[in-house]
Amino acid sequence: MSDDKYTFDFIIVGGGTAGPTLARRLADAWISGKKLKVLLLESGPSSEGVDDIRCPGNWVNTIHSEYDWSYEVDEPYLSTDGEERRLCGIPRGHCLGGSSCLNTSFVIRGTKGDFDRIEEETGAKGWGWDDLFPYFLKHECYVPQGSSHEPKLIDFETYDYKKFHGDSGPIKVQPYDYAPISKKFAESLSSFGYPYNPEIFVNGGAPQGWGHVVRSTSNGVRSTGYDALVHAPKNLDIITGHAVTKILFEKIGGKQTAVGVETYNRAAEEAGPTYKARYEVVLCCGSYASPQLLMVSGVGPKKELEEVGVKDIILDSPYVGKNLQDHLICGLFVEIKEPGYTRDHQFFDDEGLDKSTEEWKNKRTGFFSNPPQGIFSYGRIDNLLKDDPVWKEACEKQKKLNPRRDPMGNDPSQPHFEIWNAELYIELEMTQAPDEGQSVMTVIGEILPPRSKGYVKLKSADPLENPDIVHNYLQDPVDARVFAAIMKHAADVATNGAGTKDLVKARWPPESKPFEDMSIEEWETYVRDKSHTCFHPCGTVKLGGANDKEAVVDERLRVKGLDGLRVADVSVLPRVPNGHTQAFAYAVGEKAADLILADIAGKDLRPRI
């Protein structure tokens with residue numbers, strides 16, 4: 001192999017969550033007695049040693065920082081104070097470790113049906129639950145529940161971690177020690193018919209139940225995609241601060257083939273080196289940047305690319321950037337009568353905040369050692385909307401299309417929502433924080449999965465200009481009605497559930513209209529006003545089989561119609577899962593490595609360029 005420092009066997013573009021996982025597995029492999037030369041390119045800075053990232057409970061400080069792309073999107077179906085159209089901030093990680101450095105660290109894999117339907121609907125084999133389950137485990141290293149400075153109110157002894165978690169991967173995961181309000185919220189869920197299912201969020205799921213959500217943290221420190229790069233071998237080069245601006249193609253054997261990338265040096269504000277790939281370029285840039293890079297490189301909807309000035313059209317691939325899906329979440333707040341149940345005093349009281357800060361700095365324990373979010377549940381909407389005209393009409397239409405699935409696209413084994421509690425007042429803007437001595441519980445609802453879809457398009461041919469991102473949140477009226485019912489139900493659980501009804505003083509802030517007096521139409525206005533992303537965009541580089549005309553990549557993650565180019569991130573998911581996407585991001589990096597190594601096994605390692 002050539003010693004040219006700008007030539008590598010594989011170039012991995014994007015050092016976020018999937019990218020480092022993939023790069024490390026390739027670099028550790030032996031092929032025909034040789035090590036592969038791998039380059040990992042990341043547009044943002046390193047995250048090594050950054051306290052705001054390593055501190056799990058301090059995740060809000062990473063938003064709008066140098067480690068965040070800080071996308072802003074105009075959403076036409078959301079509103080502010082009833083006025084249509086809302087500008088939304090969309091945090092995405094821009095550093096080694098990517099969005100695993102910014103998220104709330106939850107390990108919620110989704111349901112068995114989410115992945116089993118991929119082959120059924122797209123023809124792509126190898127992406128069912130049983131196929132992916134080993135990869136969900138491979139990247140993990142489960143750390144048992146540690147000693148807590150809070151009483152262990154809900155024990156993890158019933159949690160079968162040996163069956164459902166890995167023990168030798170780079171990403172550490174650990175249970176969470178709950179505040180007293182979470183035990184009470186669990187009692188409220190039980191009184192509303194939610195059964196206790198400890199492993200519900202990692203075992204393939206169930207339509208209804210509450211259970212434990214482990215976090216990608218360990219002993220008070222966040223674990224991120226960066227951890228896959230610790231003690232990286234010499235044959236893995238890691239370059240930060242260099243954005244890839246174009247994928248380079250040559251015709252080889254009559255087919256357009258990715259042979260390298262052009263870069264931009266952000267610090268110097270000038271063009272960086274051009275790197276060549278002997279075998280493949282793999283994009284791991286996420287659901288906004290992967291389609292953007294494809295399109296500025298001439299791979300995408302031809303007419304749209306020509307309209308913004310992309311000159312060299314490599315492949316007319318009309319569905320690049322389409323099919324954008326994301327989860328919405330919405331919070332509501334109740335004041336708690338008695339002190340000591342929530343964690344507000346550890347954050348909003350000056351003395352408590354100082355103590356919490358020092359405790360994490362000195363011991364890696366206390367409030368900041370984990371995101372303060374408690375008990376999670378799955379549930380279904382059927383009984384909540386059984387008499388609702390919007391839902392009934394949608395059900396009648398769905399019966400004619402596919403009677404095996406409901407209007408949300410789920411079968412009876414899958415949930416329609418998550419509901420969980422946060423152990424203090426928490427929202428993105430923090431505009432209604434309680435005063436010292438007051439206590440608030442937040443209850444969060446998430447719609448699973450929404451029907452509404454959006455897109456990613458280029459604004460220009462400039463690769464450094466953020467693309468036009470439109471999710472079309474709540475465009476579909478069924479989404480709005482379902483989400484309204486979810487939040488109405490969440491309020492009911494919080495205010496009337498057996499564990500919390502005697503603790504709840506009133507809706508927070510106190511001047512707000514009582515939840516029980518709100519109509520379903522008022523709840524619809526509420527969710528349009530208060531909802532925001534749950535940070536799970538996917539679908540823009542859709543995976544599918546040979547006969548799936550909307551698929552951009554095949555079942556081996558190869559871009560259809562091209563050679564030498566794959567995509568391995570959450571953008572390949574055909575449909576947003578009934579879970580959170582971090583676990584899949586790691587899993588797709590692991591699976592991509594195995595696919596690539598299998599494809600090149602036994603091949604002659606002579607340079608092709």
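The values are calculated or read from the model by the stated rules, or taken from the named source; none is laboratory data. Fair warning: this is a prediction, and the values are worked out from it, not measured in the lab. We place every Cβ from the backbone using ideal geometry, glycine too, and count neighbours over all the protein chains shown.
Do you know which residues across the stretch 333-357 are among the acidic types (Asp, Glu) and either surrounded by fewer than 12 Cβ atoms within 10 Å (Cβ to Cβ) or within 30 Å of LYS488 (Cβ to Cβ) (or both)?
Residues satisfying the conditions are GLU335, GLU338, ASP344, ASP350, GLU351, ASP354.
Taking into account only those residues within the stretch 158-181 that are over 24 Å from THR111 (Cα atoms) and touching a Leu at 6+ places or on another chain (Cβ under 7 Å), which is modelled with the lowest pLDDT?
By that ranking, first place goes to TYR178.
This table checks each residue for (1) touching a residue at least 40 places away in the same chain (Cβ under 8 Å); (2) hydroxyl-bearing (Ser, Thr, Tyr); (3) farther than 21 Å from MET430 by Cα.
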residue: TYR288; (1), (2), (3): yes, yes, yes
residue: LEU293; (1), (2), (3): yes, no, yes
residue: GLU304; (1), (2), (3): yes, no, yes
residue: GLU307; (1), (2), (3): no, no, yes
residue: LEU315; (1), (2), (3): yes, no, yes
residue: GLN325; (1), (2), (3): yes, no, yes
residue: LEU328; (1), (2), (3): yes, no, no
residue: PRO339; (1), (2), (3): yes, no, no
residue: ARG343; (1), (2), (3): yes, no, no
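Tell me the residue from VAL572, VAL541, VAL559, VAL588 that is farther than 26 Å from LYS255 by Cα, β-branched (Val, Ile, Thr) and surrounded by 22 or more Cβ atoms within 10 Å (Cβ to Cβ), please.
None of the others qualify; the one that does is VAL588.
Does ALA394 satisfy being of a type outside the set (Asp, Glu) and within 23 Å of SER182 (Cα to Cα)?
No, not satisfied.
Go through the stretch 260-271 residue by residue and tally those that are assigned to a strand (DSSP E or B) and within 30 Å of the chain's Cα centre (by Cα).
Count: 6.
Restricting attention to the stretch 1-45, which residues are at pLDDT 95 or above, among the aliphatic types (A, V, I, L, M) and either in contact with a His (Cβ under 7 Å, 6 or more places away or on another chain) or farther than 11 Å from CYS285 by Cα (or both)?
ILE11, LEU22, ALA23, LEU26, ALA27, ALA29, LEU36, VAL38, LEU39, LEU40, LEU41
Condition check ((1) in contact (Cβ under 8 Å) with a residue 24 or more places away in the chain; (2) polar (S, T, N, Q); (3) buried (at least 24 other Cβ atoms within 10 Å of the Cβ)) across all residues:
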| residue | (1), (2), (3) |
| --- | --- |
| ALA484 | yes, no, yes |
| SER512 | no, yes, no |
| PHE515 | yes, no, no |
| TYR526 | yes, no, no |
| ASP529 | yes, no, no |
| ASP548 | yes, no, no |
| VAL552 | yes, no, yes |
| VAL567 | yes, no, yes |
| VAL576 | yes, no, yes |
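In this structure, is GLU307 over 30 Å from the mean Cα position of the chain (by Cα) and at pLDDT 95 or above?
yes
Might you check whether a residue that is farther than 30 Å from GLN174 by Cα, crowded, with 22+ Cβ neighbours inside 10 Å and in contact (Cβ under 8 Å) with a residue 24 or more places away in the chain occurs anywhere in the stretch 246-257?
Yes, because at least one residue in the stretch 246-257 is farther than 30 Å from GLN174 by Cα, crowded, with 22+ Cβ neighbours inside 10 Å and in contact (Cβ under 8 Å) with a residue 24 or more places away in the chain.
For the stretch 207-215, does any single residue satisfy the condition of being crowded, with 18+ Cβ neighbours inside 10 Å, touching a strand residue (DSSP E or B) at 6+ places or on another chain (Cβ under 6 Å) and closer than 29 Å to SER317 by Cα?
Looking for residues that are crowded, with 18+ Cβ neighbours inside 10 Å, touching a strand residue (DSSP E or B) at 6+ places or on another chain (Cβ under 6 Å) and closer than 29 Å to SER317 by Cα, one finds none in the stretch 207-215, hence no.
Can we say ASN402 is more than 27 Å from the chain's Cα centre (by Cα), under 29 Å from CYS538 (Cα atoms) and modelled with pLDDT under 95?
yes
Counting just the residues of the stretch 29-49 that are closer than 26 Å to PHE106 by Cβ and crowded, with 20+ Cβ neighbours inside 10 Å, which one comes out farthest from the chain's Cα centre (by Cα)?
Residue satisfying both the conditions and the ranking: LEU40.
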